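All remarks here apply to the structure that follows.
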Amino acid sequence: MANKEEANEATQRLVMKTVQDSYGAVVDRVVGLQERNVRFAQSLVEGSIRGMHRQSERNWGMTEELVERAEEQSDAFRTLVQESVDVYVDLLCTPFSYYGKGWKVTR
């Protein structure tokens, strides 16, 4: 019976060692998967951050260009209004300038 008990104990040790090795392999596999998932998540976040940074730089450049164009349009509009006012004033003053010249001639 001692042989049978020793054989049972040896079998139990072998089964326990096999189970431990199997669990160890599963744990190693899970840890490896988690590490890959973490690297994948980091690459997604870093890629998103880089993309947002590039987009914000483009937006900033576009905003500067729009501001410059708005200033140019404002200057052009100001010039147009000033020239229109000058023409209108000249048009209104034309009869008076002829009247003034006629008054000087008759004197």
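Only the coordinates and a few stated rules stand behind these numbers; no lab work does. These figures come from a predicted structure and were not determined experimentally.
Can you give the percent of C-alpha pairs in the range 26-86 whose distance is more than 16 Å?
On the way: 1274 of 1830 pairs.
The calculated P(r) of the range 26-86 puts 70 percent of pairs beyond 16 Å.
Report the semi-axes of the equivalent ellipsoid for the chain in whole Å, largest first, where each axis is √(5λ) for an eigenvalue λ of the Cα gyration tensor.
102, 7, 4
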